[in-house]
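Student: Have a look at this one.
Values in this text are rule-based calculations from the coordinates and carry no lab data. Everything numeric here is computed off the predicted structure, so don't read it as measured data. Here the Cβ positions follow ideal geometry from the backbone for every residue, glycine too, while neighbour counts run over all protein chains shown.
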Amino acid sequence: MTNSLPNAVISDDQVAAYREKGFIAVEDIFSAGEINRMCTALDELVATAHGATGHTKMLDLEPSHTPDRPRVRRIKDAVNSHPVFDEMSKRPRLIAALTALIGPNLRMHGSKINLKAADFGAPVEWHQDWAFYPHSNDDVLAVGVMLDDMLPENGPLMVVPGSHKGPTHDHHQDGRFVGGINIADAGLDVSGAEQITGRAGACSFHHVRAVHGSAQNTSERDRRLLLFQIAAGDAWDIRGMPTEESWDDYAATFIAGKPTNEPRVVPTPIRLPYPGPLKGGSIYESQTVLNNKTFGAARET
């Protein structure tokens, strides 16, 4: 295995694999101490679900959640919910890996933590992130920080190799965005999907156009995954900048390098996520109405 990067965070072979398959996993991006800090921060956020009667601005709850038996399936906007996650998004080892994959100017355009708790953690149906937020070019990816060991039995991320080079599949149903692909209608073969596994501290990197999903966690081991959504600095969200956001707000989302007002435009297959979903708030809610689910409704225990 060759490696031209002096810090040996990510190899040339891994970069080539990312280009070819649309995803890779890299071990030991974060230390055990850093993972412990993030897990402690996550526990603090999850504790706020006690007494919650429904989804909040920060919390997305499992269908089986009750105020006295809290069950959280997602922390929304993790970076802005706890300073530890903002700090970790700028760690040198992570920046080095991202620089090798999409360049030195890096913008954080979203973050979340998906919690697949032992025995009942919810599945996510097949989808492409690109369907949610198409950009002027597709040097955009998601980093999955493994807060727990991600194993075959606890609902790991699965990605269809090479699907990032293919079409943008329709994520609509009955004329409304549902955030998932009806694989029968799309003629999509997911039989070759590969599981991404690794130890706590590893990171997965999957291309914004890669088809991916994950089954329910029916094991006795939690699978918590922190997701950083990262774009190259010259990749602009074609939905535009939020009206309430200033240039300074936009510049503050950069975790490395600097912004530009000259987007790089590359022809890519785009579908916009409009009209919006009948059930919004998270991908979990949007996908509840999807017909022909691969993984089915979450089993409650």
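Student: Take the alpha carbon atoms of region 42-117, find their center, do the same for region 232-271, and report the distance between the two centers in whole angstrom.
Tutor: Their Cα centres are 22 Å away from one another.
Student: For the chain, what log10 I(q)/I(0) values come out of the Debye formula at q = 0.09, 0.10, 0.15 1/Å, with one point per alpha carbon and no solvent?
Tutor: -0.42, -0.52, -1.30
Student: Turning to a different aspect of this structure: Please compute the modelled spin-label separation between Thr268 and Asp174, points set 7 Å along Cα→Cβ, answer in nm with one decimal.
Tutor: About 3.1 nm, to one decimal.
Student: Counting only other residues whose beta carbon sits under 15 Å from that of Trp247, what net charge do I get with K and R as +1, D and E as -1?
Tutor: -4
Student: Write down the radius of gyration of region 11-81 and its Dmax, each obtained from C-alpha positions, in Å.
Tutor: Taking only Cα atoms of region 11-81, I get Rg and Dmax of 17.1, 50 Å.
Student: Taking +1 at the Cβ of each Lys and Arg and -1 at the Cβ of each Asp and Glu, which of Gly240, His82, Asn137 sits farthest along the dipole of the chain towards its positive end, judged by Cα position relative to the Cα centre?
Tutor: The Cα lying farthest towards the positive end belongs to Gly240.
Student: Moving to a separate point now. How much length, in nm to one decimal, is gained on full extension between Ser219 and Arg37, taken as 0.36 nm per residue of separation minus their Cα-Cα distance?
Tutor: 63.1 nm
Student: Lys/Arg Cβ at +1, Asp/Glu Cβ at -1, dipole of region 140-290 taken about the Cα centre: which of Ala186, Gly198, Gln229 is farthest positive-ward?
Tutor: Checking the options against the dipole of region 140-290, the answer is Ala186.
Student: Show the residues, 5+ positions off or on another chain, whose built amide H is closer than 5 Å to the amide H of Ile238.
Tutor: His135, Ser136
Student: Divide by every residue of the chain the summed helix terms, -39500 (n - 2.57) for each DSSP H run of at least 4, and state the resulting mean residue ellipticity at 222 nm, rounded to the nearest 500 deg cm²/dmol.
Tutor: -5500 deg cm²/dmol
Student: First check a/c for region 85-140, with a ≥ b ≥ c the square roots of the eigenvalues of its C-alpha gyration tensor; if it is under 1.5, answer rounded, and if not, answer prolate when a/b is larger than b/c or oblate otherwise.
Tutor: Oblate.
Student: Now for a separate question. Highest first, please rank the peptides 25-32, 257-264 by the mean number of other Cβ atoms sitting within 10 Å of their residues.
Tutor: 25-32, 257-264
Student: While we're here: Per 0.36 nm of contour for each residue apart, how much would the distance between Ser64 and Ala252 grow if the chain were fully extended, relative to their Cα-Cα spacing?
Tutor: So the chain would gain 63.9 nm between Ser64 and Ala252.
Student: Would you list Leu227, Leu272 from fewest to most Cβ contacts within 10 Å?
Tutor: Leu272, Leu227
Student: Same structure, new question: Just want to confirm a number: the relative contact order over region 164-301, from Cα pairs under 8 angstrom separated by 6+ residues, in percent.
Tutor: The value is 42 percent.
Student: Here's a follow-up. State, to one decimal in nm², a quarter of the convex hull surface area for the C-alpha atoms of region 168-291, i.e. the direction-averaged projected area.
Tutor: 10.6 nm²
Student: Also: Work out the length of the dipole vector of the chain about its Cα centre, built from +1 on the beta-carbon of each Lys and Arg and -1 on the beta-carbon of each Asp and Glu, and round it to the nearest 20 debye.
Tutor: Here the chain has a charge dipole of around 140 debye.
Student: Output the peptides 111-118, 190-197 sorted from most to least packed, where packing is the average of other Cβ atoms within 10 Å over each peptide's residues.
Tutor: Answer by packing, highest mean first, reads 111-118, 190-197.
Student: Give the relative contact order (percent, whole number) for the chain; include only Cα pairs under 8 Å separated by 6+ residues.
Tutor: 27 percent
Student: Take every Cα pair under 8 Å in region 48-148 that's 6+ residues apart, average their separations, divide by the length, and report that relative contact order as a whole percent.
Tutor: About 21 percent, as a whole number.
Student: If we sort 123-134, 59-70 on the protection proxy, mean other Cβ atoms within 10 Å, highest first, what's the order?
Tutor: Put in order of decreasing packing, that is 123-134, 59-70.
Student: Another question, if that's okay. So who's got an amide H within less than 5 Å of the one on His172, skipping anything under 5 residues away but keeping other chains? H placed 1.01 Å off N, in plane.
Tutor: It is Val178, by chain and number.
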